Amino acid sequence: MAVSADAVQVNPKLRGAVAVTSVTATKDASAHSTAFRQALETTLSRAGYLAPNAGAARYKVTAELRQLEQPLGSADLNVTSEVQYTLAGPSGPAQNLPVLAVGSATANDGFGAGQRMRVASERAIQENIKVFLNQLADVE
């Protein structure tokens, strides 16, 4: 589920200075929290943001997977992911960076509804992380 960071502009202020300190999920989305955390950390690493030593990171990210809205029974599925990211830095108040993103899957993505749901859910999380990366590029 990690995102390629090739097309993302990296904020030099955050390069090698970020650690993911906490990833939580609501009860409805908890089944995806481990995969979400791995995808977030891998993506931050690929973008050059992840600190080599989490304890020495100047910026701390927390993420709460609040919702992974999965529709019931349809050939085409749109899954909505809602994540509340928080970026705390060495000075000033923490910045809340909420993201709402949609991932889709069609009948071409798999025969079974379960497979399409998994694909749409992964794409929703990927899109969510991609939007978050774009927000990091604008952090002052």
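The values are calculated or read from the model by the stated rules, or taken from the named source; none is laboratory data. Since this is a predicted model, take the numbers as computed values, not measurements. Cβ atoms come from the backbone with ideal geometry, glycine included; neighbour counts cover every protein chain shown. To get the accessible areas, we keep the full protein, side chains included, count just its heavy atoms, and leave off ligands, DNA and RNA. Shrake-Rupley method; radii C 1.70, N 1.55, O 1.52, S 1.80 Å.
Worth pointing out:
- Residue within segment 102-113 that is aromatic (Phe, Trp, Tyr) and open to solvent by less than 60 Å² (accessible area, probe 1.4 Å) present: no
- Subset of segment 122-136 (residues that are farther than 13 Å from VAL83 by Cα and either of a type in the set (Lys, Arg) or modelled with pLDDT under 90 (or both)): ARG123
- Subset tally (residues that are over 11 Å from the mean Cα position of the chain (by Cα), of a type in the set (D, E, K, R) and over 21 Å from ARG118 (Cβ atoms)) for segment 13-69: 5
- Residue count for segment 50-78, restricted to those that are aliphatic (A, V, I, L, M) and surrounded by fewer than 18 Cβ atoms within 10 Å (Cβ to Cβ): 4.
- Count - residues of segment 1-28 that are surrounded by 13 or more Cβ atoms within 10 Å (Cβ to Cβ), of a type in the set (Gly, Ala, Ser) and modelled with pLDDT under 80: 2
- Unmet requirement for SER81, which otherwise passes all of (1) of a type outside the set (A, V, I, L, M); (2) crowded, with 16+ Cβ neighbours inside 10 Å; (3) touching a residue at least 40 places away in the same chain (Cβ under 8 Å); (4) within 18 Å of THR21 (Cβ to Cβ): (4)
- Complete set of residues in segment 91-120 that are touching a Gly at 6+ places or on another chain (Cβ under 9 Å), at pLDDT below 90 and of a type outside the set (A, V, I, L, M, F, W, C): ARG116, ARG118
- Residues of segment 94-139 classified as within 20 Å of TYR49 (Cβ to Cβ) and out of contact with any Lys or Arg (no Cβ under 8 Å at 6 or more places or on another chain), total: 20
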